[in-house]
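Beneath this line is the structure, given in structure tokens, with notes to follow.
The values are calculated or read from the model by the stated rules, or taken from the named source; none is laboratory data. The model shown is predicted, which means the values in this text are computed figures rather than measured ones. Ideal geometry is used to build each Cβ from the backbone, glycine not excepted, and the neighbour counts take in all protein chains shown.
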2 protein chains.
Amino acid sequence: MEIKPVKGTRDFYPEDMAVHNFILDGWKQSSLRNGFEEYEGPIFEYLQMYQIKSGDEIVDQLFNFTDRGDRKLAIRPEITPTLARMVNQRINALSRPIKWFSSPRLCRAERPQKGRLREFFQWNIDIIGVEDVVADAEVIFTALDYLRSAGLGSDAIKAKISSRKLLAAVLTSFGIEKEKLDVLYPVLDKKSKISEEAFREMLSEIISSTEIIGKIIKMMNVGSPDQLGDFVELDAETQGAVDEVQRLFKLLGEMGVADYCVFDMSIVRGLAYYTGIVFEIHDAVGELRAICGGGRYDNLLQQFGGPEITGTGMGMGDCVLEILLRERGLLKDNMPTRQLDYFVAYTDENLASEVVKTTAKLRTAGLGANFSYKSNKLAKQLKQASEQNAKKTIIIGSEFIENCEFAIKDMQTGEQKLVKADDFLKSLDNIKE
Amino acid sequence: MEIKPVKGTRDFYPEDMAVHNFILDGWKQSSLRNGFEEYEGPIFEYLQMYQIKSGDEIVDQLFNFTDRGDRKLAIRPEITPTLARMVNQRINALSRPIKWFSSPRLCRAERPQKGRLREFFQWNIDIIGVEDVVADAEVIFTALDYLRSAGLGSDAIKAKISSRKLLAAVLTSFGIEKEKLDVLYPVLDKKSKISEEAFREMLSEIISSTEIIGKIIKMMNVGSPDQLGDFVELDAETQGAVDEVQRLFKLLGEMGVADYCVFDMSIVRGLAYYTGIVFEIHDAVGELRAICGGGRYDNLLQQFGGPEITGTGMGMGDCVLEILLRERGLLKDNMPTRQLDYFVAYTDENLASEVVKTTAKLRTAGLGANFSYKSNKLAKQLKQASEQNAKKTIIIGSEFIENCEFAIKDMQTGEQKLVKADDFLKSLDNIKE
């Protein structure tokens with residue numbers, strides 16, 4: 001009986017797995033060198049946990065189920081609630097700042113689209129317990145550090161940065177009530193995705209004054225926080241938010257990534273939970289979804305029953321990233337799915353035991369080794385050795401029968417030399433993986 | 001609102017993640033040096049896929065759900081069906097032998113017990129397309145190669161090896177009908193877990209002759225395949241199965257793992273799908289569940305709509321393994337959750353920019369670096385550096401103000417030396433990750 005894979009999921013054949021590992025290893029290396037520690041959580045949690053942060057409308061977007069104990073569970077669509085739960089569980093034992101990363105497998109019950117699958121991986125980094133904007137700078141720098149190391153220059157990607165605090169201060173200075181902001185944010189977040197007409201239309205459903213709508217549109221196009229002074233009177237609160245953004249840009253400059261960073265008031269992030277700096281990284285052409293997004297959340301831990309501790313973080317999915325890296329030629333076409341130190345070949349079936357022994361000794365010494373399970377001709381075994389990306393091939397043949405010698409062939413240069421089998425095998429005892 | 005984790009799942013805090021990574025890295029390194037390529041599949045598949053191999057009774061043991069398209073899906077309890085599906089999908093394109101490994105996250109809706117959780121990781125290795133018993137030897141060797149490299153000697157663990165082919169030949173020679181074997185195997189598999197009395201009782205429900213029951217019990221205690229000649233006439237089929245087992249032991253001897261391997265007819269493996277060599281690895285004390293188990297399956301691909309191709313493989317879960325490694329003192333008590341090349345400290349708040357710049361330069365050069373987000377006293381920063389396992393600490397202080405020099409402290413030896421900041425930063429340009 002033939003069964004198909006479920007649509008929106010991926011099979012990782014060895015050549016796909018090589019790409020997948022390349023991406024996840026990059027995330028990990030960048031996290032570690034930026035001082036983050038790795039954590040992970042369960043693939044499913046109580047369904048309720050996702051309703052806390054995202055409301056009931058999230059339920060339809062989750063793969064949820066009931067277990068035999070009648071618990072309502074869901075496969076995780078994000079790891080942030082798990083992070084909040086884990087941090088809260090040990091809030092007094094964990095030394096601060098908490099600087100954690102993870103690359104979880106996540107699932108969303110959505111219609112699959114380009115760069116958006118029903119199952120994906122997402123790099124998450126978070127810093128918890130640091131109020132200063134230096135933590136936001138660290139998060140943005142770490143995301144850029146990875147992307148830069150993957151080969152994406154400041155001509156290829158841009159970090160668009162804004163501040164919810166600043167946005168709120170400006171919007172309220174326009175006379176918009178604070179209570180309306182949570183409804184307004186998801187609309188403002190759509191600006192870059194729809195026409196100005198459609199955007200005005202959507203705004204007018206929330207705001208009746210066309211003058212204010214005009215101000216909003218102008219404000220969202222300013223190129224630097226200074227220019228906001230042209231629209232609004234900079235009261236203490238607004239000035240504080242401006243100063244914070246300026247300090248963030250100063251830090252990013254000191255970190256050497258100024259050329260990647262732009263101020264962009266149209267970056268809002270849909271979710272209600274952001275409270276400070278918000279950012280997205282986009283490809284410069286702007287034809288793909290955001291590569292990553294994040295920002296500061298002051299109330300998240302509290303929402304999950306914890307104390308009032310601030311945090312800032314970001315998430316980067318693997319799907320859009322892989323498309324971008326591929327388009328830019330930054331994924332090697334033929335990443336090796338395996339690399340062997342040695343392939344062990346033989347010219348005579350009677351030597352099969354020697355092949356088995358030698359291969360096992362190489363492996364026991366921590367070296368990668370393989371051999372042919374069939375007594376093929378030598379040429380075919382050498383072809384197999386090449387296909388398996390072996391650096392060297394040991395040929396056990398007539399020289400072994402006559403003088404107990406192995407022929408060792410360098411698969412790059414083609415050079416071949418004879419060595420005493422005993423000496424070679426003895427030399428392996430000194431190798432440590 | 002406080003939410004708990006779901007019972008039978010695990011949170012991996014950084015110190016748990018270090019252990020988890022230690023185990024999964026070990027699996028990966030051993031797979032690679034033994035010539036296996038990595039693959040992965042989706043976390044959920046069509047529910048039906050698991051019913052093919054394991055029947056309808058499996059449904060209760062799965063976390064299953066229905067998606068919005070009314071598809072019946074399940075979180076994978078094992079990856080073998082996915083492997084069969086993936087291999088079948090590309091059966092003509094894949095070069096043989098297929099020698100693949102994976103370390104999937106799996107879930108089973110069971111009651112959590114010691115060494116058995118509802119969510120776990122399982123190392124899987126499989127060789128598809130090789131009839132010869134050399135492939136079974138490769139699978140057993142690879143499992144032992146990992147366990148040996150983890151520090152488990154032949155005094156600590158034993159690979160118990162048998163053959164379904166041999167068992168079937170012997171049982172039919174006792175006069176048991178072939179049709180009864182599939183019902184008999186799960187009972188025989190229980191022998192080591194229950195008393196002899198209970199075992200006899202269970203056998204008598206299937207077999208009426210007490211003479212045959214006596215023969216079965218005696219047969220299951222033989223110490224080598226030769227001794228089977230005392231019970232049964234070795235017809236061609238039985239002799240062929242004996243020869244195969246003997247060749248397997250000869251190969252394992254050549255591979256240097258003879259002292260780990262014992263012949264044990266009581267190893268049956270409950271599942272119906274095994275057709276040849278079967279094995280389990282147990283701790284020598286025998287107080288834990290099997291560390292791993294596997295064997296040869298000739299019909300699996302065919303059951304999933306593919307051609308008639310043989311395969312052999314094994315699975316090793318992380319839960320029992322971790323308990324054993326911990327009991328044996330083979331897990332370092334304090335595995336580092338991070339290791340930094342440099343911690344960058346400062347003695348004066350006015351030098352904060354230099355700290356940020358220097359840290360970013362180190363990271364950009366591929367080195368691990370961190371700094372304090374608070375302007376703490378130097379002693380406190382050095383304590384942080386130690387806690388974060390930094391090899392060296394760069395101290396930016398009065399020497400920097402006076403002579404543009406960094407003090408670099410070796411955190412192991414405590415030695416401290418002064419270097420020109422410019423020279424040091426320039427030297428980073430030559431470092432590649």
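For residues that are under 30 Å from the mean Cα position of the chain (by Cα) and touching a residue at least 24 places away in the same chain (Cβ under 8 Å), scanning just segment A:169-188, find the one that is surrounded by the fewest Cβ atoms within 10 Å (Cβ to Cβ).
Filtering segment A:169-188 for residues that are under 30 Å from the mean Cα position of the chain (by Cα) and touching a residue at least 24 places away in the same chain (Cβ under 8 Å), the one surrounded by the fewest Cβ atoms within 10 Å (Cβ to Cβ) comes out as A:D182.
So A:T347 clears everything in (1) within 24 Å of A:I161 (Cβ to Cβ); (2) among the polar types (S, T, N, Q); (3) away from chain B (no Cβ under 14 Å) except one condition, right? Which one?
Evaluating A:T347 over (1) within 24 Å of A:I161 (Cβ to Cβ); (2) among the polar types (S, T, N, Q); (3) away from chain B (no Cβ under 14 Å) leaves (1) as the failure.
Which of the following residues is crowded, with 18+ Cβ neighbours inside 10 Å and either more than 8 Å from chain B (Cβ to nearest Cβ) or modelled with pLDDT under 95 (or both): A:M17, A:M1, A:M86, A:M49?
From the options A:M17, A:M1, A:M86, A:M49, the qualifying one is A:M49.
Within segment B:334-370, which residues are basic (K, R) and either in a helix (DSSP H, G or I) or over 16 Å from B:K392 (Cα atoms) (or both)? Quick ask: steps written out before the conclusion?
As a first pass, look at segment B:334-370 and keep what is basic (K, R): B:338, B:357, B:361, B:363.
Matches in segment B:334-370: B:K357, B:K361, B:R363.
Let's see how each residue does on (1) closer than 22 Å to B:K250 by Cα; (2) assigned to a helix (DSSP H, G or I):
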site: B:I125; (1), (2): yes, no
site: B:V130; (1), (2): yes, no
site: B:A143; (1), (2): yes, yes
site: B:G175; (1), (2): no, no
site: B:E179; (1), (2): no, yes
site: B:V183; (1), (2): no, yes
site: B:F199; (1), (2): no, yes
site: B:I217; (1), (2): no, yes
site: B:N221; (1), (2): yes, no
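Out of the residues in segment B:5-28 meeting the condition of being without any contact (Cβ under 8 Å) to a residue 24 or more places away in the chain and in contact with a helix residue (DSSP H, G or I) (Cβ under 8 Å, 6 or more places away or on another chain), tell me which one is nearest to A:L362 (Cα to Cα).
Within segment B:5-28, the match that is nearest to A:L362 (Cα to Cα) is B:F12.
I'm trying to understand the selection: among the residues of segment B:403-433, which are assigned to a strand (DSSP E or B) and not assigned by TED's automatic domain parsing to the domain that holds B:A360?
none
Would it be correct to say that A:E38 is farther than 24 Å from A:K114 by Cα, in contact (Cβ under 8 Å) with a residue 12 or more places away in the chain, within 14 Å of the chain's Cα centre (by Cα) and facing chain B (nearest Cβ under 7 Å)?
Values: farther than 24 Å from A:K114 by Cα: yes; in contact (Cβ under 8 Å) with a residue 12 or more places away in the chain: yes; within 14 Å of the chain's Cα centre (by Cα): yes; facing chain B (nearest Cβ under 7 Å): yes.
In short, yes.
Just the residues that are within 10 Å of chain B (Cβ to nearest Cβ) and surrounded by 15 or more Cβ atoms within 10 Å (Cβ to Cβ), please, taken from segment A:89-100. Write out each step before concluding.
Applying the first criterion (within 10 Å of chain B (Cβ to nearest Cβ)) to segment A:89-100 yields A:89-90, A:93-100.
Listed by number, the residues that qualify are A:Q89, A:L94, A:P97, A:I98, A:K99, A:W100.
Is there any pair with a first residue in segment B:414-429 that is without any contact (Cβ under 8 Å) to a residue 24 or more places away in the chain and closer than 18 Å to B:E399 by Cα and a second that is in a helix (DSSP H, G or I) and not hydrophobic (A, V, I, L, M, F, W, C) whose Cβ atoms are under 6 Å apart and which are 6 or more apart or on different chains, and what are they?
B:L418/B:E399
Just name the residue that is farthest from A:K361 (Cα to Cα) out of those in segment A:395-433 that are surrounded by 12 or more Cβ atoms within 10 Å (Cβ to Cβ) and within 14 Å of chain B (Cβ to nearest Cβ).
Among those that are surrounded by 12 or more Cβ atoms within 10 Å (Cβ to Cβ) and within 14 Å of chain B (Cβ to nearest Cβ), it is A:I396.
For residues that are surrounded by fewer than 14 Cβ atoms within 10 Å (Cβ to Cβ) and polar (S, T, N, Q), scanning just segment A:323-342, find the one that is nearest to the other protein chains (Cβ to nearest Cβ).
Taking the candidates together, the pick is A:Q339.
Of all residues in segment A:69-104, which are charged (D, E, K, R) and in contact with an Asp or Glu (Cβ under 7 Å, 6 or more places away or on another chain)?
Within segment A:69-104, A:R76, A:K99 qualify.
Within segment A:189-214, count every residue that is more than 32 Å from the chain's Cα centre (by Cα) and either hydroxyl-bearing (S, T, Y) or outside the structural domain of A:V242 (by TED's automatic domain parsing) (or both).
So the answer is 4.
Based on this model, can you work out whether A:K72 counts as more than 8 Å from every other protein chain (Cβ to nearest Cβ), surrounded by fewer than 16 Cβ atoms within 10 Å (Cβ to Cβ) and touching a helix residue (DSSP H, G or I) at 6+ places or on another chain (Cβ under 8 Å)?
yes
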